[in-house]
Structures are given as C-alpha cells and as structure tokens.
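The values are calculated or read from the model by the stated rules, or taken from the named source; none is laboratory data. Since the structure is predicted, the reported quantities are computational estimates derived from the model, not experimental observations. A quick note on method: Cβ atoms are made from the backbone with ideal geometry, for glycine too, and the neighbour counts reach across all protein chains shown.
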Amino acid sequence: MIDIVKNELYKIFHKKGIYIVLVITVLFSILTNFIYSKNFLIDFLEDDTFMNETILKDLEDEKQTQTDEYVSTKVSLETVKYAQNFKRDSWQYYVLKNGSIYDENIYDFLETIISHEVGLTKDEEAYEKALAEKENLLNRLENMTWQDYAQEEKNYYEKQTKKDNEIVAQLEALELRIKYDIPYADNSFNDDLRDYRDARVVELSYEGMDEKLLKDDQRNELKEAVKMVETTKYRLSNSIEEAPIGSNNTVFNNFYNEYFIMIIVMIVLISGSIVSDEFSKGTIKMLLVKPHSRTKILMGKFIATLLMVLFAIASCLMIQFVVGGFFFGFNSLAIPNVIYNYNTGLVKEMSVYAYFSYNTIAVLPQFILIATIGFALSTMTMSTSLSNTLTIIGIFGSDFINSLATSFDLNILKFFLTLNWDFTPYLFGGSSLYKGITLPFSIFVCLFYFVMILFLTIVVFQNRDVKNI
Amino acid sequence: MKVLECHNLYKRFGKKEVIKDVSFDLETGDILGFIGPNGAGKTTTIKLILGLQKIDKGSVLINSHDIEKDFVKAIEKVGAIVENPDVYLYLSGKKNLELIANYYRGIKKERIAEVVKLVGLENRINDKVSKYSLGMRQRLGIAQALLHHPNLLILDEPTNGLDPEGIRELRQLLKRLAKEEKMAILISSHNLSELESLCNKVCIIQNGQIVEQNDIKDLKKKMVGSIYYFEVNSTSKINKLYKEAKIMNDTTFSLTVSRDELPDIISNLLSSKIKVYAVYPKNVTLEEVFIEKTGGNIID
C-alpha cells in the first residue's frame with residue numbers, strides 16, 4: 001500500500017500542473033502581502049480630508065443656499081488644519097485630527113469664524129470673540145499634558161446631568177485610559193479604548209433584559225459585545241498591543257481567509273485528475289492488471305489525495321512565511337493573540353502558531369470533504385475537466401445554499417454538508433452560524449457524507465468496465 | 001500445462017452481444033495468434049481475460065485461478081499490453097519501469113536493466129517517453145509486461161508502429177521467451193504474415209464467435225491438401241471436363257480436390273489429349289485462410 005501511495009505522489013510531483021499552481025501561489029502571496037503592507041483601503045477610508053475637499057468644491061457655488069452643509073464641511077477641514085499646528089506624533093494632533101474634542105463648543109466658535117470669513121454673517125464682535133477663543137483653546141492645548149486633558153474630559157462628562165449609555169461608556173473608557181496610562185495617540189491601545197467604549201454601549205443597552213427573551217441576532221450582538229469588552233480590557237490591562245494590519249502576524253491570523261482560494265485550487269486540481277487522468281491516457285489498464293485489488297489501487301490514490309491536502313496547506317504556509325517575512329520581518333509573530341472563550345467567558349493569550357493550529361484543525365474537515373468530492377467526481381465521470389468544473393461550481397454554489405439557510409428558516413437545509421463542514425465558528429466555545437446546528441451534529445453530518453461518498457466511489461470503481469480508450 | 005483457459009465467454013454491451021461462447025486454451029510454450037477483422041471482439045476478449053471488464057457468462061482461469069473470484073492470484077503471473085503501450089509520457093522510460101516494479105514484490109534494479117536490454121532500449125531509457133517514437137513506446141510496453149517474469153504474456157497488436165527490423169526482433173524475442181522461459185503467449189494482430197511465422201496456434205474470431213481454431217500447421221495442411229495447380233498445353237477444353245475448375249490463364253488452371261484423386265484426374269486429362277506438364281499444390285497463406293473463414297474484412 002505504501003508503495004502504491006508513493007507511486008501516486010511521484011506521479012503528481014512530476015506533472016507540470018502542481019508547479020504552475022505553486023508559482024501562482026507565490027505571486028498571489030506577494031500581492032496579498034503587498035496589499036496588507038500598503039493598507040490602501042484603510043488609509044483611504046480613514047482619511048476623509050480628500051472627500052471633504054471634494055464636497056467643498058462642489059458646494060462652493062451653492063454656499064448661499066446650502067450654508068449649513070458648507071460650513072460644517074469646512075469646520076471638519078479646519079479642525080484638521082488646527083491639528084497640523086502640532087507635531088504629528090503629539091497627543092494634541094490625535095485629539096484634533098480625530099475630532100475627539102469633548103467640548104462641543106469648539107465647533108460653535110469655529111462655525112462663527114468660518115461663517116464670517118466666507119461672508120455669510122457680518123457680526124464683527126462675535127467673530128473677534130470666536131477668534132480669541134480659538135487662540136485660547138490652541139494655547140491651552142499646547143500647554144497641557146494629556147493627563148490634564150483626560151481629567152478635564154472626565155470632569156466634563158461627569159457634570160452632565162443626563163447620563164445616557166454613551167456617556168457612561170465614555171467615562172469608563174476614560175477611567176481605563178487614566179488607570180493604565182494610555183496617552184492619546186494613533187496606536188492599537190487607543191483603538192482598543194474606542195472598541196471598548198462602542199462595545200460597552202451595546203452591552204449597556206441590553207442591561208436588565210432577560211437573555212432568554214432575546215432574539216437570535218440580538219443574542220449574537222450581545223455575545224460579540226461582551227467578547228469585545230473582555231478582550232480589549234485584557235489587552236489594556238496586560239498591555240498587549242495588537243499587531244498592526246501590515247504585519248506578518250495579521251496575515252497569519254487571516255491565513256485561511258486569504259489562502260482559501262489557492263488551497264482549494266490545489267485540492268481540486270489534484271483530486272479531480274488523479275483517477276480520470278489515468279482513464280483518459282489509458283494507463284488505468286496498466287494499473288488494473290497489477291496484482292492488487294481495485295479497492296486497494298483506488299485507496300492508494302485517495303490517501304495520496306489526502307496527503308496532498310496537507311501539502312497544499314503546508315506549501316501555502318511556507319510561502320506566506322517567507323513572503324510575509326520578506327515584507328514585514330518575523331518580529332510581529334511573537335505578539336500573542338487574545339482569545340475569548342464564549343463558554344467560560346475567560347480570556348487568555350495564545351501564540352500565533354497555536355491559534356493557527358486550532359484553525360487548521362477546524363478547516364481540515366472542509367478541505368478533506370472537498371478533496372473527497374473531487375475524487376469521487378473524478379472517478380465517476382472519468383473526465384478531469386468535468387469533475388473540476390463540477391467541484392468548483394459546487395463550492396461556490398454552496399454559498400447560495402448557505403445564504404438560503406440564514407435568510408429562511410429552512411430546517412431541512414441543516415442536513416446540507418456545506419452548513420456543517422466549517423468548524424471555525426465552534427472554536428473557543430463558539431456556536432454555528434446556523435440555527436439548530438451543534439458541534440456533534442456537524443461532526444455526524446460530515447462523517448456521514450464522507451463515508452457515503454467514499455463507499456459510493458469504491459462501488460462504482462469496482463464495477464466499472466474499462467472501455468476502449 | 002494449461003496456463004490460460006477460457007470457458008464459454010459471453011459479454012454484451014446493452015443489447016449488442018460482443019462475445020458469444022468463446023472458448024480456448026493456451027499451454028506453456030504456445031504462441032497463439034488471435035486474429036479477426038476489426039470489431040470482431042479481440043480486444044474485448046483480452047479485457048475479459050485480464051479482468052478489465054466483467055464477464056457476463058463463462059469463466060477465465062489463469063494458472064488455475066479464476067480471474068473474477070481470485071483476481072490477485074490469477075493476474076500475478078500475467079504481463080500484458082492492451083490496445084496501446086500504456087506508459088506515462090511525462091516520465092522517463094526507466095522511471096516508468098521503476099513505478100511498475102513497485103507493484104510487484106522483489107523486482108530488483110538488475111531485472112529492470114535486463115528487460116531494457118532485452119527490448120533494446122538501453123540508449124534511450126533515461127529519456128522522457130514523450131520523446132519516444134511509437135515503436136520505442138511499444139518496446140517499453142513489452143519491457144513492462146516482462147518485468148515480473150510472467151508465464152502468460154498477452155499482447156494486443158504489439159507490432160503497431162514497429163519498423164520491419166523491430167518486428168523481426170520482436171518475433172525472435174517472443175519465440176525465445178516461449179521456448180526458454182516457458183511462457184504462453186497470446187498475440188493479436190492484423191498483420192497476418194507476421195503471425196504466420198511466429199505462432200504455432202491460431203484462433204480466428206468473427207462477430208464475437210470463434211470460427212476456426214487449430215494448430216497453424218494442421219490448418220494449412222487442411223487447405224494445402226485441397227487446391228492444386230495444373231500446367232497444361234491448353235485450358236480451352238478443361239471446363240467441359242471439370243465444371244468447377246478455375247481457369248487461371250491459357251496454360252494453367254486450378255482444381256479443389258484431394259490428393260488421392262490426382263492420378264485419376266491426370267489420366268483423364270491425358271486421355272482427353274491434354275498434355276500435362278506439371279501438377280503442384282497451392283501454397284496457402286494465413287491471409288487466405290483468414291479471408292476464406294471470415295469472408296473478408298466485414299465489420300458488423
């Protein structure tokens with residue numbers, strides 16, 4: 001049996017196909033890492049200066065009729081300009097740039113100044129006063145430490161008589177900032193504070209409600225909010241920085257999202273041709289007159305296919321490791337992930353490698369089943385192109401079934417393979433995205449399909465007459 | 001010793017009966033020529049023997065093992081080429097043989113070198129098969145069939161693509177294998193003149209049925225004994241004497257008779273004032289037997 005498997009692997013590695021796919025994977029990896037390194041989208045979305053300038057240009061002719069919009073756009077642009085009075089890495093820059101000035105008054109006097117400057121009002125006195133106030137604010141910010149500013153912000157919110165969820169959450173975030181000594185800056189801890197505040201708002205909105213009365217999507221929203229609150233709190237208290245988007249760490253944590261296509265392509269190409277190629281070239285006759293049962297010959301090929309699934313994952317991993325290292329270096333791989341367990345509600349640290357291993361175990365059933373289906377189609381149709389096409393259509397067609405399952409409460413769909421074969425949602429105490437599907441159920445469905453497909457394939461292969469080729 | 005026994009083989013594809021009641025045996029040292037027009041069922045019979053297709057009725061025994069019930073034992077000592085030499089074009093000839101050796105136990109490197117030498121591929125064995133000519137591929141196919149010392153060799157159209165020298169070499173090789181290695185060889189071919197000098201048995205199949213099977217010598221003797229050429233001074237009066245006589249030209253005619261009748265015919269001719277210069281038996285080729293038995297190359 002080992003010799004048969006070895007023969008099959010030898011044949012696979014002496015065909016051109018696999019090397020073409022590997023070269024494509026390298027190019028794909030370079031492109032992926034390049035996109036991560038540039039943060040194209042993120043920069044574009046976060047920096048609204050360009051957009052505001054465009055809007056302003058459009059509004060220039062209509063500023064008499066659309067005064068409010070014109071002024072507010074200009075105010076946004078002006079605050080960015082004020083930010084530029086300070087150093088780029090200063091806390092003042094961050095505060096002004098992100099518009100997180102607690103005191104709404106600043107917008108009032110900016111409005112006054114701008115309205116006057118563009119000739120919408122003629123109130124000289126108010127203008128002068130606003131100008132003085134502006135200077136005052138900038139001076140004040142310049143001479144303040146960020147701790148003073150945070151205290152001031154805190155006092156401001158505490159003075160509010162009507163404390164809604166947002167103010168409560170903002171206050172909690174400020175307390176964390178002061179407690180863990182986190183200056184205003186463009187870094188992951190400030191992102192954590194923001195995420196913490198937003199998640200707390202959600203959490204607070206469910207406070208006092210009976211969890212049993214919640215709808216599914218509400219329960220999920222609450223769950224995600226609790227997870228966010230707990231993980232950000234853990235990061236802040238243990239000062240574990242989140243790896244930047246443009247890092248080997250982030251690409252590794254998103255490995256199966258980024259490389260899914262390439263792994264699937266490799267699996268489909270190999271599983272879809274390993275039997276049918278022998279039929280189309282006629283070499284199947286040579287194989288079947290060897291002193292081994294047909295089942296043994298077929299299983300040798302199937303085992304080789306499964307080993308190639310591991311090869312596909314391993315080769316993508318190696319390529320990412322090298323290409324990612326070339327782009328970002330390897331330092332970021334030391335940053336641990338912070339994992340929240342939905343069951344226990346506990347938070348723990350996990351190395352990038354351990355996290356990757358868990359994910360691999362969770363996606364493996366899906367890859368193995370895709371390989372099994374490709375293999376079955378290859379054996380039954382005896383046509384490489386037909387089986388490859390059918391498998392690809394199946395994989396992407398299954399998205400449609402999955403969306404049907406989420407949109408409608410079709411209970412029968414829960415027996416469908418593609419709703420069950422991804423075990424990633426079950427990681428760390430999580431649950432399936434689909435109603436009525438649990439971990440044991442998914443294991444059962446996957447095993448059932450696996451055994452049935454394999455059994456059918458063996459029966460078909462056993463009874464096949466080798467026609468003229 | 002009987003190496004191959006086919007008992008009443010029957011096979012149908014849908015409603016079409018492809019093989020009807022085919023039976024024949026093969027013994028050690030036999031070289032059986034399996035001939036028949038295109039579509040007669042030669043390749044299908046070979047596939048039934050090798051277990052590549054299910055047998056609807058009847059049975060195949062190889063070295064006394066039933067091919068369907070005891071496949072692994074039965075196929076163990078069989079080497080075969082079916083339709084084409086089935087080798088991997090993207091691998092070298094040597095690697096092809098090494099892969100095949102892996103399916104058998106205890107085939108050593110030396111044995112591979114031995115069969116390569118046997119088929120005369122030493123100089124090109126490390127080249128990729130895709131660079132081989134059809135003849136070289138055929139030789140490689142024969143090499144892979146011989147690798148594991150089979151005692152039954154089944155070759156489907158092995159001379160396809162071989163040049164005359166290659167055919168001569170193959171003929172010698174097969175004769176030697178049958179004699180020295182005590183192999184039984186089943187060989188199908190449409191090139192009848194090749195089989196004639198190679199086989200000791202012949203089996204003619206048409207429309208899925210065996211129409212003639214015999215030792216090639218007996219078969220020819222049977223035919224040889226029946227047609228005689230007569231050389232005479234004039235054939236003008238012959239048809240009056242023998243209606244069935246075939247007039248070849250002014251001085252030659254042929255007659256289908258037995259040897260015992262010859263003296264009577266000669267004295268009859270002499271008494272009719274016909275001078276007889278020579279009487280000789282017709283030299284029958286396998287091709288003529290084949291055409292007589294099958295009525296030409298008709299595909300149903």
- Residues in segment B:25-63 that are at pLDDT 85 or above, more than 14 Å from chain A (Cβ to nearest Cβ) and under 17 Å from B:LEU9 (Cα atoms) total 7
- Of all residues in segment A:137-192, count the ones that are over 16 Å from A:TYR94 (Cβ atoms), free of Cβ contacts under 8 Å to residues at least 12 places away in the same chain and exposed (fewer than 14 other Cβ atoms within 10 Å of the Cβ). 11
- Query: Restricting the search to segment A:426-442, which residues are without any contact (Cβ under 8 Å) to a residue 24 or more places away in the chain and within 30 Å of A:SER378 (Cβ to Cβ)?
  - Reply: A:ILE437, A:SER442
- Note: among B:ILE142, B:ILE154, just one is within 14 Å of chain A (Cβ to nearest Cβ) and modelled with pLDDT of 90 or more, namely B:ILE154
- Message: Tell me yes or no: at least one residue of segment B:168-187 is within 14 Å of another protein chain (Cβ to nearest Cβ), over 26 Å from A:MET1 (Cβ atoms), at pLDDT 85 or above and under 25 Å from the mean Cα position of the chain (by Cα).
- Response: yes
- Query: Can you tell me which residues in segment B:89-146 are out of contact with any Gly (no Cβ under 6 Å at 6 or more places or on another chain), within 27 Å of B:GLU76 (Cβ to Cβ) and among the polar types (S, T, N, Q)?
  - Reply: B:SER92, B:ASN96, B:ASN102, B:GLN144
- Message: Restricting to segment B:142-171, count the residues that are among the β-branched types (Val, Ile, Thr) and assigned to a loop (DSSP other than H, G, I, E, B).
- Response: 1
- Task: Among the candidates A:LYS301, A:LYS290, A:LYS281, single out the residue that is within 14 Å of chain B (Cβ to nearest Cβ) and under 41 Å from the mean Cα position of the chain (by Cα).
- Result: A:LYS301
- Of all residues in segment B:64-97, count the ones that are within 12 Å of chain A (Cβ to nearest Cβ) and either touching a residue at least 40 places away in the same chain (Cβ under 8 Å) or in contact with a Phe, Trp or Tyr (Cβ under 9 Å, 6 or more places away or on another chain) (or both). 20
- Message: Please count how many residues of segment A:266-293 are surrounded by fewer than 18 Cβ atoms within 10 Å (Cβ to Cβ) and either hydrophobic (A, V, I, L, M, F, W, C) or within 25 Å of B:VAL129 (Cβ to Cβ) (or both).
- Response: 4
- Note on the structure: Looking across segment B:1-59 at residues that are among the small types (Gly, Ala, Ser) and assigned to a loop (DSSP other than H, G, I, E, B), the single one that is farthest from B:GLN213 (Cα to Cα) is B:GLY14
- Message: Tell me yes or no: at least one residue of segment B:202-220 is part of a strand (DSSP E or B), at pLDDT 80 or above, in the same structural domain as B:HIS148 (by TED's automatic domain parsing) and surrounded by fewer than 16 Cβ atoms within 10 Å (Cβ to Cβ).
- Response: yes
